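Worksheet: the structure to be examined is printed underneath.
The values are calculated or read from the model by the stated rules, or taken from the named source; none is laboratory data. Just so we're clear, the structure is a prediction, and the values are computed from it rather than from any experiment. Neighbour counts run over all protein chains shown; Cβ positions are idealised from the backbone, glycine included.
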Amino acid sequence: MINKQKILYFIYLHRTGLTVTGLSLTLLLYPLFENNPYTLGLTNLIAINAIVVLGLNLFIGYAGQISLGHAAFFGLGAYGSAIATVTFEIPPWPAMFIVATLVALVALLIGIPILRLSGHYLAMATLGLNFVVHTILLQWDEVTGGPSGFSGIPYLSFGDFQFDDETRLHYLLWGAALISLLLCLNLVRSGIGRGLSALAGDEVAAEALGVNTRNAKIKIFILSAVLASIAGSLFAHCYSFVSPDSFGIFTSTDMVIMVVIGGMGSIWGSLFGAALITLLPEWLDLFETYKDFVHGGILVLVLMFLPQGLVTGLIETIKVKLVLRRRKDAAT
């Protein structure tokens, strides 16, 4: 006879692995039931955004830092791959990893001075970085194409197999998103992740416990920048066109909103936040002109009523209600 408690304990013990497996199977079968190119295009965009948001959540939610300029690394990855493959004729896969390495170097050089700052000062520094990168992409016409954008970017491929339609891109992009998810889940459960959590709670206390907070902040800043760069490269090769408008300050703001709504310090919440903010303009197409106001309003409401984030806040609320109900039942 099957022991129900043992099954429940097994599920609880392996809940993360089972959830990842369930999500993977769902994504594997999804194109079989939904073959609308437009719908698949939206889910592909969610995957790209999720990769950026997973890295940003490590920096904001776990390291306790603030970045309002991650679209800069997203844009550097996209334009870097575009220029490397079209201008210098480097094959797409090597180009993507060369660009990611260069972006990591840029993040290191920038991170060393600006991560001495904290709070609003750090937020303004990262915002300034985004403004500088966006201006370069907009003004350097000879290299980036300027306001007209950069076109003719080749699709990614393995031999003769090209990722040139929405179904093929679905498996590529969500495969990359799941790898990023597993990386982040393993990282936050490691000793490094626990050190980051201590850093987010109290930097002075974390230092007293032996955490090298300066190195930890720089490393997680570089990792989040690399994930943004890879997402940018995938974005460029997915759409075969990039323009500066996709990597401006409002894009950085949307990424922060995705983190906050999903829950700061919630890896799974990052996926939810990326999906909600990506799909929101489709659900509120009548308010497309006021998209930024709608996003801002949602952010304010979440911070006021569910400061842990929408997903984390709802889960905590449900847990509290279940505990209270059990106590009430036990008392009666």
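Taking (1) surrounded by 15 or more Cβ atoms within 10 Å (Cβ to Cβ); (2) under 22 Å from the mean Cα position of the chain (by Cα) in turn, Val132 satisfies each apart from (1). Residues that are within 10 Å of Val53 (Cα to Cα), surrounded by 23 or more Cβ atoms within 10 Å (Cβ to Cβ), hydroxyl-bearing (Ser, Thr, Tyr) and in contact (Cβ under 8 Å) with a residue 60 or more places away in the chain: does the range 262-276 have at least one? Within the range 262-276, one or more residues are within 10 Å of Val53 (Cα to Cα), surrounded by 23 or more Cβ atoms within 10 Å (Cβ to Cβ), hydroxyl-bearing (Ser, Thr, Tyr) and in contact (Cβ under 8 Å) with a residue 60 or more places away in the chain. Flag: Leu280 matches the condition of being part of a helix (DSSP H, G or I), at pLDDT 80 or above and either hydrophobic (A, V, I, L, M, F, W, C) or surrounded by 10 or more Cβ atoms within 10 Å (Cβ to Cβ) (or both). Can you name the residue in the range 165-207 that is among the polar types (S, T, N, Q) and either under 20 Å from the mean Cα position of the chain (by Cα) or part of a loop (DSSP other than H, G, I, E, B) (or both) and, of all such residues, is surrounded by the most Cβ atoms within 10 Å (Cβ to Cβ)? Per the stated criteria, the residue is Ser180. With respect to the stated conditions, Leu324 is modelled with pLDDT of 70 or more and either more than 29 Å from Tyr62 (Cβ to Cβ) or surrounded by 12 or more Cβ atoms within 10 Å (Cβ to Cβ) (or both). Inside the range 225-248, residues that are in a helix (DSSP H, G or I) and touching a His at 6+ places or on another chain (Cβ under 7 Å) make up a count of 3. Listed by position, the helices (runs of 4 or more DSSP H) inside the range 85-164 whose residues that are polar (S, T, N, Q) and on the phi < 0 side of the Ramachandran plot number at least 2 are 119-139.
Got at least one residue in the range 75-98 being surrounded by fewer than 20 Cβ atoms within 10 Å (Cβ to Cβ), closer than 22 Å to Met255 by Cβ and of a type outside the set (A, V, I, L, M)? No, the range 75-98 has no match at all.
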